[in-house]
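The values are calculated or read from the model by the stated rules, or taken from the named source; none is laboratory data. For clarity, every value in this text was computed on a predicted model and none was experimentally measured. Cβ atoms come from the backbone with ideal geometry, glycine included; neighbour counts cover every protein chain shown.
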Amino acid sequence: MGKLINGLGTATIVVDGVFRTTEVMGIAEDGGDWMRAGAREVTGFGLGTAAGLYVGKATFAGGTLLAVNAGLTLAGPVGWVLLGGVFAVSLTAGYFAGSKLDELGQNGADWIMRSL
């Protein structure tokens, strides 16, 4: 299960990076300020990825630890459903943390660039 989660996380990060790169390339093709957009996207990408990874991993580890201590992981299908729920909650928590810090990072980069 850990390998599956790791693979999904890595794929999600790659897809996000491709979308951001495509967006910046589109701005460059349109003659826009692609350097400013690139700095904004890189800042949001870095902060969002770090927050999403940290919060998602911590939530999954905490939920799994609680389930193991309660003996629920040995409960067959019930334990599997519980672990699926832990995975869903950790995915959701990581997504929202990453989204929020991505937004804060992009806004912070915009503020810094306006100040220059």
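Would you check which residues across the range 23-72 are among the β-branched types (Val, Ile, Thr) and within 15 Å of residue 86 (Cα to Cα) and list them?
If the condition is that a residue be among the β-branched types (Val, Ile, Thr) and within 15 Å of residue 86 (Cα to Cα), then 55, 59, 64, 68 are the ones that fit.
For the range 11-33, which residues satisfy the criterion of being over 18 Å from residue 47 (Cβ atoms) and assigned to a helix (DSSP H, G or I)?
Taking the range 11-33 and keeping what is over 18 Å from residue 47 (Cβ atoms), we get 11, 18, 22, 25-33.
Within the range 11-33, 11, 18, 22, 25, 26, 27, 28, 29 meet the criteria.
I'd like to verify a number: residues in the range 68-80 that are out of contact with any Phe, Trp or Tyr (no Cβ under 9 Å at 6 or more places or on another chain), surrounded by 12 or more Cβ atoms within 10 Å (Cβ to Cβ) and not in a loop (DSSP other than H, G, I, E, B), how many?
Of the residues in the range 68-80, 4 are out of contact with any Phe, Trp or Tyr (no Cβ under 9 Å at 6 or more places or on another chain), surrounded by 12 or more Cβ atoms within 10 Å (Cβ to Cβ) and not in a loop (DSSP other than H, G, I, E, B).
From 64, 49, grab the single residue that is surrounded by 13 or more Cβ atoms within 10 Å (Cβ to Cβ) and modelled with pLDDT under 90. Walk me through it before giving the result.
Numbers: 49 fails: modelled with pLDDT under 90.
One residue alone meets the criteria, 64.
When you look at residue 40, is it under 19 Å from the mean Cα position of the chain (by Cα) and of a type in the set (Lys, Arg), yes or no?
Considered against the rule, which asks whether it is under 19 Å from the mean Cα position of the chain (by Cα) and of a type in the set (Lys, Arg), residue 40 comes out as yes.
Have a look at 89, 42 and point out the one that is over 30 Å from residue 110 (Cα atoms) and surrounded by 11 or more Cβ atoms within 10 Å (Cβ to Cβ).
89
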